[in-house]
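The values are calculated or read from the model by the stated rules, or taken from the named source; none is laboratory data. Predicted, not measured: the structure shown is a model, and the values here were computed from it. Virtual Cβ from ideal backbone geometry, glycine too; neighbours counted across all protein chains shown. Heads up: the accessible areas ignore ligands, DNA and RNA and are worked out on the full protein's heavy atoms, side chains in. Shrake-Rupley method; radii C 1.70, N 1.55, O 1.52, S 1.80 Å.
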Amino acid sequence: MSITKESELVGMKKVSEVVGTTLKFMREYAKVGMSTKELDEYGGKILKSYGAKSAPYETYDFPGFTCISVNEEAAHGIPSEKKILEEGDLINIDVSAELNGFWSDNGGSFVLGKDINNHQPLVNASKNILRKAISHIKGGVKISEIGHLIETEAKNLGFKVIKNLAGHGVGRSLHEEPENILNYRVRTNRERFRKNTTVAIETFISTKSTVAIELNDGWTLVGNKGGYITQHEQTILITAKDPVILTAANGIWD
């Protein structure tokens, strides 16, 4: 969305702080032996305490308050009582919500407990590439150039990117224009980031796959060639200089 008045900026800051704080608390709450359903319900209670509504639940009738993806799952993992977290699991939590007519989105991958499966390098790549990509965004920058930066950085570290998942505009709804802030360069895309707009920038970094495919449950995404995928996401306000990280409360770079 375009921020045209102070009240809109205040609204976006409020909802972004809520989703950021919820993500941070959920990450800290996650424990070995806990079900993803329990973790999700904890997140749902936090959102409710702020008066916020889960975006996937409200918008898409998603069966959970947040998306919790574990190990080979790339995104849109359904919280379940049967899915029990284990030491060394690669976990992704994606939290998006609506508050007072404003919407914000953020997410992050992390290793639960000890990194016995050596997932940390992939996690680090995802969050560090996101930080670098966001640092290059300002009004007038081509969207395709940020995609090129993300893919180049991933390749330099020996990883790939998922090409059919993307960042997006956010603000008055969960997904707005621009809808395809991709993790690779599409040379024909001449669209540029616009000053005073809010967008969700996401990295999708993988070990083997380049495309996410949907499982039979109608939600969960996995890589087309297997392996593991990490995602980190921040909602930002684009300016003429450095962007403002609206969801910084999530602490994914701490």
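Values computed for the structure shown
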quantity	calculated
Surface accessible to a 1.4 Å probe, Met34 within the full protein complex, Å²	20
Pairs from Lys48/Lys114; Lys114/Lys225; Lys24/Lys82; Lys45/Lys138 whose Cα-Cα separation, in the structure shown, is over 28 Å	Lys48/Lys114; Lys45/Lys138
Cβ-based net charge around Gly44, under 13 Å, with every Lys or Arg adding one and every Asp or Glu removing one	0
Percent RCO, i.e. relative contact order, over the chain, from Cα pairs under 8 Å lying at least 6 residues apart	23
Estimated [θ] at 222 nm from DSSP helical runs (n ≥ 4, -39500 (n - 2.57)) normalised by residues in the chain, nearest 500	-9500 deg cm²/dmol
Within the accessible area of the stretch 1-142 (1.4 Å probe), percent carbon and sulfur	50
Cα shape, the stretch 23-147, gyration tensor, a/c 1.5 rule	oblate
Relative contact order of the stretch 1-59, defined on C-alpha pairs under 8 angstrom at six or more residues apart (%)	32
Prolate/oblate/rounded call for the chain, Cα gyration tensor, a/c under 1.5 rounded	oblate
Under 5 Å, built H, 5+ apart or other chain: amide partners of Asp105	Thr235
Whether the stretch 133-180 is rounded, prolate or oblate, judged on the alpha carbon gyration tensor where a/c under 1.5 counts as rounded	oblate
Net charge, Leu112 excluded, C-beta distance under 11 Å - Lys, Arg +1, Asp, Glu -1	-1
For the stretch 231-242, 3J(HN,Hα) per residue [Karplus equation, 6.51 cos²θ - 1.76 cosθ + 1.60, θ = phi - 60°, Hz, x = Gly/Pro]	9, 9, 8, 10, 8, 10, 9, 7, 10, 7, 10, 6
Accessible area of the chain divided out per residue, in Å², using a probe of 1.4 angstrom	45
Heavy-atom accessible surface of the stretch 204-254: percent carbon and sulfur, 1.4 Å	53
Surface accessible to a 1.4 Å probe, Asp254 within the full protein complex, Å²	150
Residues of type lysines that Lys142 reaches as a straight line, Cα spacing below 17 Å, ignoring anything fewer than 8 places off in the same chain	Lys132, Lys195, Lys241
